[in-house]
């Protein structure tokens, strides 16, 4: 009985104390300054803990050749050799580069102007009284020595009078100035010999072009100026058999 009465009095006192509590609005002026006010965060704005994101490592896969073990050094070492840039169409590479055999080796006597040849032609004399300055039959040839140098010996026949020209020429890059028409110019000099009754010899200047007629024949047009007893100038037009 006494216990029940004591519990009832305690409940009445607690309820009266709770009812007497008042809500108070906290302002900076009421708490003595903004820095001293308690921080009130609405429950909707409670920050949730952020789960750290693990960094991702992107690894580029490298396919190793079958049957071989590649090391890091082998995979990272740059390729050796020189790069060559060609500004020509793929179907024209074989025409500009010297001929090669089945193993890729350059054929002897061929250079960038084309294969070597042996042929005949006709000389039309312009200046002088020798074989170069008159009309004569010509046995002409071209022998490739290096990629850019050739020897072009020729023999001029006029009756019993023979002239021999032995020039060394520099071969320029093949040209395509007129569409599909291709020609290979050259320029050089050497020795001219007259082997007649009034034999003489002297310096020679030559310039001309080789025009590929087919894979078998080459047309040659050349101007030859020789300083013998007098200046002799002639233009040769001939055709050579490639070898």
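Table: residues versus (1) closer than 14 Å to residue 116 by Cα; (2) modelled with pLDDT under 90.
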site	(1), (2)
179	no, yes
186	yes, no
191	no, no
218	yes, no
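Every condition in (1) closer than 23 Å to residue 231 by Cβ; (2) crowded, with 16+ Cβ neighbours inside 10 Å; (3) modelled with pLDDT under 95 holds for residue 111 except the one numbered (1).
Selection of the range 136-157 for residues being surrounded by fewer than 22 Cβ atoms within 10 Å (Cβ to Cβ) and either over 19 Å from residue 198 (Cβ atoms) or out of contact with any strand residue (DSSP E or B) (no Cβ under 6 Å at 6 or more places or on another chain) (or both) yields 137, 139, 141, 143, 145, 146, 147, 148, 149, 151, 153. Answer yes if at least one residue in the range 158-174 is surrounded by fewer than 15 Cβ atoms within 10 Å (Cβ to Cβ), in contact (Cβ under 8 Å) with a residue 12 or more places away in the chain and in contact with a helix residue (DSSP H, G or I) (Cβ under 9 Å, 6 or more places away or on another chain), and no otherwise. Taking every residue of the range 158-174 in turn, at least one turns out to be surrounded by fewer than 15 Cβ atoms within 10 Å (Cβ to Cβ), in contact (Cβ under 8 Å) with a residue 12 or more places away in the chain and in contact with a helix residue (DSSP H, G or I) (Cβ under 9 Å, 6 or more places away or on another chain). Restricting to the range 211-237, count the residues that are part of a strand (DSSP E or B) and either in contact with a helix residue (DSSP H, G or I) (Cβ under 7 Å, 6 or more places away or on another chain) or surrounded by 22 or more Cβ atoms within 10 Å (Cβ to Cβ) (or both). So the answer is 8. What residue, among those in the range 175-195 that are more than 40 Å from the chain's Cα centre (by Cα) and touching a residue at least 60 places away in the same chain (Cβ under 8 Å), is surrounded by the fewest Cβ atoms within 10 Å (Cβ to Cβ)? Here the residue is 194.
The values are calculated or read from the model by the stated rules, or taken from the named source; none is laboratory data. If you're wondering where the values come from, they're calculated on a predicted model, not measured in any experiment. Here Cβ is always computed from backbone atoms with ideal geometry, including for glycine, and neighbour counts include all displayed protein chains.
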